[in-house]
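Enquirer: Take this structure first; my questions come after.
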Amino acid sequence: MARIIVVTSGKGGVGKTTTSASISTGLAKRGYKTVVVDFDVGLRNLDLIMNCERRVVYDFVNVIQGDATLNQALIRDKRVNTLYILPTSQTREKEALTPEGVAKVIKELAETFDYVICDSPAGIEHGALMALYHADEAIITTNPEVSSVRDSDRILGILQSKSWRAESGLEPVKEHLLLTRYNPDRVERGEMLSVADVEEILAIPLLGVIPESQVVLNASNQGLPVILEEDSDAGQAYDDAVARLLGEEREQRFLTSQKKGFFSRIFKGG
């Protein structure tokens, strides 16, 4: 049976879709049959980051409403053959994701795939609640900023009270913290929360720290999950996160600034 993982946060613009794309790609690269599902009806972006926007014929809402089968809507990734994308609609209302329809699709996906990654919209509106309801695990994606962390704390409360696991009295949703756009230099200057600060506030296990990097934006604009940028810090950080998700022990990297060497300081003026 599949592991159903929601990538969520309380705040928009923290890198949920970037994370969903890279986590799902990383799992598929390791041989797991993986599907990533876009729950952001009306504002879909997953298809852009996965570089399959021109291949969308049917979507998640079409499947729920019976206009297409799941096989018709699923798009197979051209780079990793064990990865599939289920895009959502750009034109429907968020309420088109009905509880019964979502449950039916998730159940069908779980019978076929090893991992179902649910890319949640921001906040606590309808699409976000639908995305987290069936989750076995949650990757709480947050920036090291007070407002982002506070909103993520609210999402944790919802996972603990309004998920199917919570309502059924089952073992709670397993929570993971992913800290994105982390800049150690700004932390040292007091402009950002430190990893320790965020861990203290949210009190959930740290899955990974993704460094602030222009590579992330460039990759997204090219329709490339950043985990495939294997020489970049951000790509390596996502690869580490996937490894930890699978139970591997990996030391946390990219937590401290890269100090310039002696000769670099002399010849570049410090």
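The values are calculated or read from the model by the stated rules, or taken from the named source; none is laboratory data. Owing to the predicted nature of the structure, the values given are computational and were not obtained by experimental measurement. Every residue, glycine as well, gets a Cβ built from its backbone with ideal geometry; the counts of neighbours run over all protein chains shown. Side chains included, ligands, DNA and RNA excluded: accessible areas come from the protein's heavy atoms. Shrake-Rupley method; radii C 1.70, N 1.55, O 1.52, S 1.80 Å.
Enquirer: Between residues in region 185-196 that are over 13 Å from SER257 (Cα atoms) and residues that are of a type in the set (D, E, K, R) and open to solvent by 30 Å² or more (accessible area, probe 1.4 Å), which pairs lie under 7 Å by C-beta distance while being six or more apart or on different chains?
Expert: MET192/GLU145; MET192/ARG186; LEU193/GLU145
Enquirer: Please find, among LEU129, LEU206, LEU179, the residue that is of a type outside the set (Lys, Arg), surrounded by 23 or more Cβ atoms within 10 Å (Cβ to Cβ), under 16 Å from the mean Cα position of the chain (by Cα) and closer than 27 Å to VAL37 by Cβ.
Expert: After ruling out the rest, the residue left standing is LEU179.
Enquirer: Could you tell me which residue of region 173-200 is farthest from LEU156 (Cα to Cα), considering only residues that are part of a helix (DSSP H, G or I) and of a type in the set (A, V, I, L, M)?
Expert: By that ranking, first place goes to VAL187.
Enquirer: List the helices (runs of 4 or more DSSP H) that sit entirely inside region 205-270 and contain at least 1 residues that are modelled with pLDDT under 95 and under 15 Å from THR17 (Cα atoms).
Expert: In region 205-270, 214-221 are the helices (runs of 4 or more DSSP H) which contain 1 or more residues that are modelled with pLDDT under 95 and under 15 Å from THR17 (Cα atoms).
Enquirer: Sort through GLY190, GLY247, GLY235, GLY223 and tell me the only one that's on the phi > 0 side of the Ramachandran plot and open to solvent by less than 30 Å² (accessible area, probe 1.4 Å).
Expert: That would be GLY223, the only listed residue that is on the phi > 0 side of the Ramachandran plot and open to solvent by less than 30 Å² (accessible area, probe 1.4 Å).
Enquirer: While we're looking at this one, here's another question. Identify all residues within region 135-150 that are open to solvent by 50 Å² or more (accessible area, probe 1.4 Å) and part of a helix (DSSP H, G or I); write none if there are none.
Expert: Correct list: VAL146, ARG150.
Enquirer: Considering (1) surrounded by fewer than 24 Cβ atoms within 10 Å (Cβ to Cβ); (2) of a type in the set (D, E, K, R); (3) modelled with pLDDT of 95 or more, say which one ASP38 fails and leave the rest.
Expert: Tallying (1) surrounded by fewer than 24 Cβ atoms within 10 Å (Cβ to Cβ); (2) of a type in the set (D, E, K, R); (3) modelled with pLDDT of 95 or more, ASP38 fails exactly one: (1).
Enquirer: What are the residues in region 68-80 that are assigned to a loop (DSSP other than H, G, I, E, B) and touching a helix residue (DSSP H, G or I) at 6+ places or on another chain (Cβ under 8 Å), if any?
Expert: Passing the criteria: ALA68, THR69, ASP77, ARG79, VAL80.
Enquirer: Take the residues in region 64-111 that are of a type in the set (Asp, Glu) and either closer than 26 Å to ALA28 by Cα or in contact (Cβ under 8 Å) with a residue 24 or more places away in the chain (or both); name whichever of them is least open to solvent (accessible area, probe 1.4 Å).
Expert: The residue in question is ASP77.
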